[in-house]
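What follows is a single structure, written as structure tokens, with notes after it.
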Amino acid sequence: MIQVDHVLDTISSICTYNHILKQKHRLAPFKLNMKTESFIRILAGVMILLSVALTQFVDVRWLWFTCFIGLNLIQSAITGFCPPTYVLGKLGWITPEGRIHFGGAGRD
């Protein structure tokens, strides 16, 4: 009787594993389809929050980093040149449609 249970457990495990393999598309990693402008806004917000936390918990001089981020945002709005967008473009993370593609344009 014990061996029958063992065989049934093995068959059940194989069927479950086979079912998971067939549903592979559901287990694919989440792909983010975000406009570059939205990504840059999120990046700026995260950097500002990080600099404020560093100012609070590490040293007051981290406020200079907050000022740098703010000045960069003002400069970007006036001139249209955004250094993070330039870097992301060089890395191949921006598609021709202006969307972020993490890991470079050559990867899927």
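The values are calculated or read from the model by the stated rules, or taken from the named source; none is laboratory data. Just so it is clear, the model here is predicted, and its values are computed rather than measured. Every residue, glycine among them, receives a Cβ derived from its backbone with ideal geometry; neighbour counts consider all protein chains shown.
With respect to (1) outside any loop (DSSP other than H, G, I, E, B); (2) at pLDDT 85 or above; (3) exposed (fewer than 10 other Cβ atoms within 10 Å of the Cβ); (4) not small (Gly, Ala, Ser), the lone exception for His25 is condition (2). Selection of region 50-67 for residues being out of contact with any helix residue (DSSP H, G or I) (no Cβ under 6 Å at 6 or more places or on another chain), of a type in the set (S, T, N, Q) and surrounded by 14 or more Cβ atoms within 10 Å (Cβ to Cβ) yields an empty set. Among residues of region 29-52 that are over 20 Å from Gly89 (Cα atoms), those with a Cβ under 7 angstrom from a residue that is of a type in the set (Phe, Trp, Tyr) and modelled with pLDDT of 90 or more, sequence gap 6+ or separate chain, pair up as Ser51/Trp62; Ser51/Phe65. Within the set Val46, Val60, the sole residue that is modelled with pLDDT of 85 or more, under 25 Å from the mean Cα position of the chain (by Cα) and not acidic (Asp, Glu) turns out to be Val46. Of note, Thr79 satisfies the criterion of being among the β-branched types (Val, Ile, Thr) and more than 19 Å from the chain's Cα centre (by Cα).
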